Amino acid sequence: MSTTNLNIIDLFCGCGGFSLGFERAGFNILLGIDIWKDALLTFSHNHKHSRTLQADLSTLDPKDTLRLLDNKRIDVIIGGPPCQGFSVAGKRIVDDNRNKLYKRFVEFVDHFKPKAFVLENVPNILSIGNGIIRDSIVSDFSAIGYQVEYKIMTASDYGVPQNRRRAIFVGFRNGHKFSFPLPYETPKITAKDALSDLPECGVTDGDEYPKECDSEYQKLMRENSTGIFNHQPTIHNQKTIDIISKVPDGGNYKDLPPELQSTRKVHIAWTRLNSEKPSFTIDTGHRHHFHYSYNRIPTARESARIQSFPDDFVFLCSRTSQLKQIGNAVPPLLSEAIAESLLKQL
């Protein structure tokens, strides 16, 4: 990992997946800002040279962060503002009171005038209301001097064992048009490639790996790790275990006997990972998604592997909190692919 003199602020940073990818590409992460204390504890633990600020970004003035930046220039701002308030009625989103968080992202970019910004969000942000939100985002950043490009990127195209799709907006201040990284030509990483070296039963944090790597991906994940962390399985009741055991590798509720199919009222119920394919998108709960062969939900470490967090990235706080932190994150290998392209073009 080479280093540069390019500095980053990560808004809505969560536990630090987005930052990790940029850090691995050589950027300096000066500051991560989020409202959730648990995520910031994990961020601080894993980004030793970065500062954090627990703050409500809907009210935070960019000037209030200057004391934490030591007068350093900000070259890139990254982040994923929650956009649940976006209106499809045609009103400019920046004027909608429910979109203060998005508006603040624009204000931070306007204040610091970085060379570039990277904003990530849910894929349907590009299509809602016939593209009115997408067009508003482009318009808002164009108004403060940025040339904006956007694309839906699928994480499994960039070495992540997960078919997670994200809308990515990249803006350059010098009028340059950002070129997105091309999908890798290597085979997709499967759930088995990601997880087969991790034991069925839980381990004490720091325990040695019980077996050698089965894949190049596992070697990559283990590269700097001294052992296994965050690998404590959920203990299900016997009825749940019995039902899971009836679902085959890659199957779901449709594979169950008719009397068991409606035991959970969601369409994703009783879904097993497919060992021969990348995972579906993992969420923040994981209560309906199960390991491809073990009769339980994935552990935090298994979920982290699916998200492409390396094994030396350790998650803090409760297990429920860890799963939420992981599910909310940007996959670091996807982030790294974006960061490497950005670095070449800056």
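The values are calculated or read from the model by the stated rules, or taken from the named source; none is laboratory data. As the structure is a computational prediction, the values presented were derived from the model and not from experiment. Counting neighbours? That spans all protein chains shown, and the Cβs are built from the backbone with ideal geometry, glycine included. For the accessible areas, the whole protein counts, side chains as well, though only heavy atoms, and no ligand, DNA or RNA atoms are used. Shrake-Rupley method; radii C 1.70, N 1.55, O 1.52, S 1.80 Å.
On the beta carbon distance between His267 and Asp214, with R0 = 30 Å, the FRET formula returns roughly 0.40. Peptide packing for 104-112, 194-202, 211-219, 252-260 was compared via the average number of neighbouring C-beta atoms within 10 Å per residue; ordered from the highest value, the list is 104-112, 194-202, 211-219, 252-260. Between 0 and 90 degrees, the angle of helix 37-46 with respect to the longest Cα principal axis of the chain falls at about 90 degrees. Extent of the range 247-295 along its three principal axes (Cα atoms, max minus min coordinate, largest first): 29, 22, 16 Å. Note: the range 142-278, Cα convex hull, 185 Å³ per residue. Against the chain, whose longest principal axis is taken from its Cα atoms, helix 128-143 shows a tilt of about 40°.
Surface composition of the range 217-346: carbon plus sulfur atoms contribute 51% of the solvent-accessible area (1.4 Å probe, protein chains only, all chains present).
The H on the amide N of His236, modeled in the peptide plane, is under 5 Å from the matching H of no residue at least 5 residues off or on a different chain. For Ser279, the residues whose amide H sits under 5 Å from its own are Gln162, Asn163, Ala191, ignoring neighbours fewer than 5 places away on the same chain, with H placed 1.01 Å from N.
At q = 0.15, 0.16, 0.27 Å⁻¹ the log10 of I(q)/I(0) for the range 186-236 amounts to -0.43, -0.48, -1.14, computed by Debye summation with a single uniform scatterer per C-alpha, solvent ignored. Listed peptides 238-247, 183-192 appear in the order 183-192, 238-247 once ranked by packing, highest mean of other Cβ atoms within 10 Å at the front. For the range 235-250, backbone phi angles converted through the Karplus equation (6.51, -1.76, 1.60; θ = phi - 60°) give residue-by-residue couplings of 9, 8, 6, 4, 4, 4, 4, 4, 5, 4, 4, 7, 8, x, 3, x Hz, Gly and Pro being listed as x.
Within the range 89-193, the proportion of C-alpha pairs whose separation exceeds 25 Å stands at 29%. Take the convex hull of the alpha carbons in the chain; its mean projected area over all directions comes to 18.0 nm². Rounding to the nearest 10 and keeping the result within 0 to 90°, find how far the Cα-based axis of helix 319-328 lies from the longest principal axis of the chain. Computed tilt is about 50 degrees.
Computed from point charges on the beta carbon alone (+1 for Lys and Arg, -1 for Asp and Glu), the dipole magnitude for the chain about its Cα centre is near 880 Debye. If I model the range 235-346 as equal point scatterers sitting on the Cα atoms and use the Debye formula, what is log10 I(q)/I(0) at q = 0.12, 0.18, 0.20 Å⁻¹? Relative scattering, expressed as log10 I(q)/I(0), comes to -0.49, -0.92, -1.07. Derived scalar couplings between HN and Hα for the range 176-191 equal 5, 8, 5, 9, 5, x, 6, x, 5, 8, 6, x, 5, 7, 8, 4 Hz in order, rounded to whole Hz, by the Karplus curve 6.51 cos²θ - 1.76 cosθ + 1.60 (θ = phi - 60°), x for Gly and Pro.
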